[in-house]
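Read-outs throughout are calculated quantities, based only on the coordinates presented, and are distinct from any laboratory measurement. Keep in mind that this is a model prediction, so the values were computed, not measured. Neighbour counts run over all protein chains shown; Cβ positions are idealised from the backbone, glycine included.
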Amino acid sequence: MEAVAQLCGATRVATTGKIKGRIHMTFQVHLHKKIVATPLGDMLLAASNSGLAGAWFVHGQKHLPEEVLMKSWPIASKGDLAQAILDKASQQLVQYFSGQLKVFDVPLDLSSGTAFQQSVWREISKIAAGKTNTYGAICKAINKPDAARAVGAAVGKNPISIIIPCHRVVGSTGALTGYAGGLDRKVALLELEGISSSQQRIF
């Protein structure tokens, strides 16, 4: 992950469609980026002209976009259409971690995902701060009751950490089954929102 912290470069390169037989999300080559510091570590934000497309922890994060693509995204600067989106996202993240904000209203660009993944991410976005929901309940809500594995994969590939609150998704028994940003961060985020780790089962 060290290279992620050295995000620079100018060549615009598209992602591949598959990696080792698994479907891989495709991110736009014309995104802009910004690094924001949080109590849980620096985060890389990426935005198009229409919305926030990514929010990942720089270290200890699974399912990052390809390194060469992240390097190709320019740092947002004054006058970029994406700058206002990135500034708003970073400001709201600061407010969230200080306990001043519970509901994000940053415009989102979910075009990196399939239609199915987007339906899962939109459903996750409905989970309020201080609440959790299960993978099974999400399956039912999107009318895919037998798609637990696919829903789990879509939750794990959520590209916009915290703002699309996949940390609020738990197993049917309340188990904290995992988090692409690291289980310790999932526990910390839930506790920030008033859910004690003692209320959940950690596996």
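The aspartates and glutamates within cross-link reach of Lys33, meaning a Cα-to-Cα straight distance under 19 Å and a gap of 8 or more places when in the same chain, are Glu2, Asp42, Glu66, Glu67, Asp80, Asp87, Asp105, Asp109. The three principal axes of the Cα atoms in the range 77-150 give end-to-end lengths of 47, 28, 15 Å, sorted in falling order.
With the simple model of a label 7 Å out from the Cα in the direction of the Cβ, Leu183 to Val103 spans 3.4 nm. Principal axis extents of the C-alpha atoms in the range 115-202 (largest first, rounded to whole Å): 32, 25, 20.
Can you give the local net charge around Gly41? Use residues other than it whose beta-carbon is closer than 12 angstrom to its beta-carbon, Lys and Arg +1, Asp and Glu -1. That sum, taken over residues with Cβ under 12 Å, equals -1.
Given a Förster radius of 45 Å and the C-beta distance between Ala115 and Ala175 as r, what FRET efficiency does 1/(1 + (r/R0)^6) yield to the nearest 0.05? Computed FRET efficiency for Ala115 and Ala175: 0.95. Residues whose amide H comes within less than 5 Å of that of Ala53, counting only those at least five positions distant or on another chain, are Ala46, Ala47, Ser48, Asp109 (H built at 1.01 Å from N in the peptide plane).
The trypsin sites (Lys or Arg not before Pro) of the range 34-121 that meet both conditions, a loop assignment by DSSP and at most 14 other Cβ atoms within 10 Å of the site Cβ, are Lys62, Lys78, Lys102. Residues in the range 189-194 carry Karplus couplings, in order, of 5, 5, 5, 4, 8, x Hz; the curve used is 6.51 cos²θ - 1.76 cosθ + 1.60 with θ = phi - 60°, and Gly or Pro positions show x. Couplings for the range 116-122, taken from phi via the Karplus curve 6.51 cos²θ - 1.76 cosθ + 1.60 with θ = phi - 60°, read 5, 4, 4, 5, 5, 4, 5 Hz in order; Gly and Pro are left as x. Local charge for Ser111 was computed over the other residues whose Cβ lies under 14 Å away, with Lys and Arg +1 and Asp and Glu -1, and equals +1. Using a simple spin-label model with pseudo-atoms 7 Å out from Cα toward Cβ, Lys144 and Asp87 lie 3.7 nm apart.
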